[in-house]
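Derivation of every value follows stated rules applied to the coordinates shown; laboratory data play no part. Model, not experiment: these values are computed from the prediction. Positions of Cβ are backbone-derived with ideal geometry, glycine not excepted, and every protein chain shown enters the neighbour counts.
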Amino acid sequence: MNIKKLAVAGLGAVAALSGLVPTEALAQNEQFIPMLVYRTGPYAPSGIPVANGFRDYYTLVNNRDGGINGVKIAFEECETQYNTKLGVECYEKLKNSGPTGASLVNPYSTGITYQLIPKASVDKVPILSMGYGQTAAADGRVFEWVFNFPTTYWSQASAFVRYVAQQEGGLDKLKGKKIAHVHHNSAYGKEANPTLEALSKKYGFKLTLLAVDHPGQEQKATWLQVRRLRPDWIFMSGWGVMNQVAIKEAAAIQFKMDHFVGNWWSGSDADVVPAASAAAGYKSATFHGAGDQYQIHKEIIKYVYNGNYAKAKENNLGEVLYNRGLVNAMFGVEAIRTAMSKYGNKPMTGEQVRWGLENLNVTDARLAELGMKGFTRPVQVSCADHETGGPIIIQQWNGKEWNMVSDWIPTMRDVVRPMIERTAAEYAKENNIQPRSCT
Amino acid sequence: METLHAVFVAPWLDMWEAPVFFAEVFVSGLLTGVMYSLVALGFVLIFKASGTFNFAQGVMVLFAALTLVGLMEKGVPVWLALILTAVVMVVLAIVIERVMLRPLVNQEHIILFMATIGLAFFLEGFGELIWGSNVKRLDVGIPEEPVMIKGVLLNSFDIWAAAIGAILVAGLAVFFHKTPIGRALRAVADDHQAALSVGIPLKTIWIIVWSVAGIVALVAGIMWGGKSGVQFSLSLIAFKALPVLILGGFTSVPGAIVGGLIIGVGEKVAEVYWGPLIGGAIENWFAYVLALVFLLFRPQGLFGERIIERV
């Protein structure tokens with residue numbers, strides 16, 4: 001080794017060491033949150049805004065507040081491509097990162113969620129599958145480590161039926177009506193079916209289930225059946241390209257778009273792009289606001305983008321799925337804050353964050369403090385109820401943007417909760433789980 | 001007995017009692033079939049020239065559509081964007097010939113097939129890098145209004161797509177059978193070395209074929225991208241072309257068309273009349289079942305060249 005190489009190696013070592021020392025010191029006071037993202041692949045149009053929403057919220061908390069009660073958030077992205085196998089690999093890679101390991105995990109895929117559920121109690125990493133994943137996980141007595149608040153697919157389906165009833169003039173007016181459920185032919189797509197079937201029997205509407213095979217690029221046969229059936233309302237549980245094609249096909253057969261309601265994974269900005277003005281009138285369920293007019297967005301522009309609104313828009317600010325990422329990140333951060341109220345202002349372990357999630361109480365006043373007044377609904381989680389059965393709201397595409405067109409619609413807890421408890425009990429029996437007492 | 005009636009009698013009665021609706025299902029199947037044929041054609045072209053199944057054809061559809069819509073988003077007029085995209089596809093064909101095919105001359109077909117898998121991954125990543133991952137609206141001015149013809153509701157976009165597909169096929173048929181390049185291409189498909197020995201320029205033929213396959217991919221990309229928006233799942237449309245190829249034969253342009261029509265009509269009729277009996281969503285796998293049934297009787301496909309092995 002000549003002198004020049006030796007000098008370069010020496011300088012490199014000094015630089016590496018000098019970089020390591022402060023990083024290590026800082027890392028000891030960081031709260032690590034893994035980010036399972038899908039910025040590439042066929043589902044990237046949905047994955048990018050969600051990931052940007054998470055990233056911007058964590059950055060906002062760090063830049064504006066100096067972290068959670070002084071503990072900076074450290075986050076690392078891992079690309080899943082919405083692929084279950086890759087998602088599990090990402091989880092395994094990141095679960096021990098940071099001084100206390102992963103605080104919680106947001107899988108952002110029902111498939112990944114199902115794979116992580118058995119691991120959560122072993123690794124002591126709570127799962128927050130906000131509005132997706134296994135609906136029965138709402139029963140906290142059986143699913144101690146899984147949380148799916150503010151609401152689930154089953155609750156959403158019940159709220160959709162209530163919305164239809166509101167539009168038709170009452171629940172008694174549902175009798176004889178025809179409702180079609182156009183759904184992705186997967187476990188996710190079929191989630192709403194049992195609830196819709198139960199409500200069909202209860203209220204006397206005729207339900208038709210129309211499955212669309214993955215990926216849903218070609219749906220002509222489905223929409224021919226819709227044309228023949230002439231349903232009064234259509235509910236859609238779609239994903240990815242299936243949504244975009246379905247909206248175009250519905251417009252092509254001249255179906256009344258304001259009687260076509262997607263679930264909350266069928267109502268993003270990307271879903272209405274191909275149909276453009278033909279999608280005007282299309283509706284979807286959601287549990288948070290659309291657009292960038294809320295206080296939280298102003299703060300993100302100021303603290304994350306240094307006032308550069310154009311740059312923020314480039315990063316999906318205000319898009320439906322971006323806003324979902326914000327809400328999801330906020331719930332996670334507030335759960336960590338709740339845990340700190342008991343365990344002290346230091347990085348929390350997964351076990352402590354699980355306690356925080358279970359004791360989370362995000363009130364209207366707290367939402368206002370967070371710049372999210374009117375953006376989403378308050379949530380109070382409990383030992384037995386990991387869902388909270390929160391209401392939904394209907395948004396409508398006017399050809400240019402999404403607007404809220406309903407009040408918050410309560411779900412039908414009396415129908416859904418017994419179904420959840422029954423399914424959770426079956427799961428507990430199959431997996432030899434002794435449900436814990438929540439009294 | 002009730003099940004037998006539901007499977008073997010009721011669907012036929014249904015077709016008989018509602019002929020207008022059946023006509024709508026049938027015609028929609030035909031129009032969709034043409035769209036499948038458009039994708040299948042690209043596979044046929046490459047297979048004819050090199051005996052290789054081009055795994056990257058679906059991604060070429062995506063890449064062409066992404067390039068077109070990307071140029072249009074940058075303010076390039078539609079007509080110019082179309083020309084520029086066609087040029088990009090020709091340049092791509094030249095690069096593929098230089099970098100991928102030339103070093104693999106006379107290699108086993110499976111080696112070339114593996115190379116096309118690599119090409120598919122490269123093109124997907126390259127397209128994403130340049131044009132991003134968002135869904136893009138593609139509007140080249142093809143009308144989309146629904147039209148009613150004797151009680152049958154059709155989408156004018158589908159009719160246009162079928163017409164454009166038909167013109168493309170007619171053009172390709174003339175190209176293959178009436179031009180010297182077409183004849184040379186068929187000679188290359190039969191035997192690389194024999195074609196070289198009689199002075200057929202293999203490299204030029206490959207460039208021409210990959211260029212034509214690229215332009216066919218562009219047309220397919222416009223049609224499918226117009227329906228669903230241009231996005232990465234567009235490459236998955238290749239899976240819809242596979243049963244068409246199995247049925248029509250990998251080496252026949254008319255086979256791709258007839259195969260597409262049979263698959264299109266078959267899957268629509270099956271989905272609408274038999275699908276509800278088993279929960280629906282049968283059209284994807286039914287297309288493969290249909291193709292496999294044909295394979296039992298004609299392993300080379302409807303129009304494929306007869307397989308003769310000397311022992």
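Values computed for the structure shown
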quantity: Spin-label model distance (nm) - residue B:198 vs residue B:183, 7 Å beyond Cα toward Cβ; calculated: 0.9
quantity: Spacing of the two label points (7 Å from each Cα toward its C-beta) at residue B:277 and residue A:96, in nm; calculated: 5.6
quantity: Cα radius of gyration and Dmax for the stretch B:186-246 (Å); calculated: 16.0, 47
quantity: Cross-link partners of residue A:175 among aspartates and glutamates (Cα-Cα below 18 Å; sequence separation of 8 or more within a chain); calculated: A:197, A:232
quantity: 10 Å Cβ neighbours from other chains, averaged over peptide A:248-256; calculated: 3
quantity: Lysines with Cα under 30 Å of residue B:48, excluding same-chain neighbours fewer than 8 positions away; calculated: B:178, B:203, B:227, B:240, B:268
quantity: Footprinting exposure proxy for A:206, A:175 (fewest neighbouring C-beta atoms within 10 Å first); calculated: A:175, A:206
quantity: Estimated FRET transfer efficiency when R0 is 35 angstrom, pair residue A:365-residue A:254 (beta carbons, to 0.05); calculated: 0.15
quantity: Relative contact order of chain B, pairs being alpha-carbon contacts under 8 Å that are 6 or more residues apart, as %; calculated: 33
quantity: Karplus 3J(HN,Hα) series, Hz, for the stretch A:44-49 with 6.51 cos²θ - 1.76 cosθ + 1.60 (x for Gly, Pro); calculated: 4, x, 8, x, 5, x
quantity: Helix-only mean residue ellipticity at 222 nm for chain B, each DSSP H run of n ≥ 4 adding -39500 (n - 2.57), per residue, nearest 500; calculated: -23000 deg cm²/dmol
quantity: Value of D in µm² per second that Stokes-Einstein yields for the protein assembly as shown, Kirkwood Rh from Cα pairs, at 10 °C (1.306 mPa s); calculated: 56
quantity: Within 10 Å of each Cβ in A:207-218, the average number of Cβ atoms from other chains; calculated: 6
quantity: Local electrostatic count, residue A:381, Cβ distance below 9 Å [Lys/Arg +1, Asp/Glu -1]; calculated: -3
quantity: Directionally averaged projected area (convex hull, Cα atoms, chain B), nm²; calculated: 18.9
quantity: Mean Cα-pair separation over length for chain A, i.e. relative contact order, pairs under 8 Å, 6 or more apart, %; calculated: 20
quantity: Selected from A:222, A:304, A:427, residue furthest toward positive end of dipole (chain A; charges at beta carbon); calculated: A:222
quantity: Projected label distance in nm at residue A:311 and residue A:431, using a 7 Å step from Cα toward the beta-carbon; calculated: 4.4
quantity: Extension reserve of the residue A:228-residue A:405 stretch, reckoned as 0.36 nm per residue once the Cα distance is removed; calculated: 60.8 nm
quantity: Over 21 Å (Cα to Cα) - which of A:72/A:95; A:202/A:429; A:72/A:119; A:400/B:136 fall in this group; calculated: A:202/A:429; A:72/A:119
quantity: Net dipole in debye of chain B [+1 Lys, Arg Cβ; -1 Asp, Glu Cβ; about Cα centre; nearest 20]; calculated: 1020
quantity: Positive-end extreme of charge dipole, chain A - chosen from A:437, A:412, A:74 (charges on Cβ); calculated: A:412
quantity: Residue B:110-residue A:28 FRET efficiency (beta carbon distance; Förster radius 45 Å; 0.05 resolution); calculated: 0.25
quantity: About the Cα centre, charge dipole magnitude for the protein assembly as shown (Lys/Arg +1, Asp/Glu -1 at Cβ), debye; calculated: 500
quantity: Antiparallel content of DSSP bridges confined to chain A, in %, to 5; calculated: 30
quantity: Footprinting exposure proxy for B:121, B:26 (fewest neighbouring C-beta atoms within 10 Å first); calculated: B:121, B:26
quantity: Kirkwood hydrodynamic radius of the stretch B:216-305, from inverse mean 1/r over distinct Cα pairs, in Å; calculated: 13.8
quantity: Under-5 Å amide H pairs with residue A:360, H placed in peptide plane, nonlocal only; calculated: A:381
quantity: Cβ-based charge dipole, the protein assembly as shown, positive-most Cα from B:16, B:174, A:158; calculated: B:174
quantity: Projected area averaged over orientations for chain A, convex hull of C-alpha atoms, nm²; calculated: 24.1
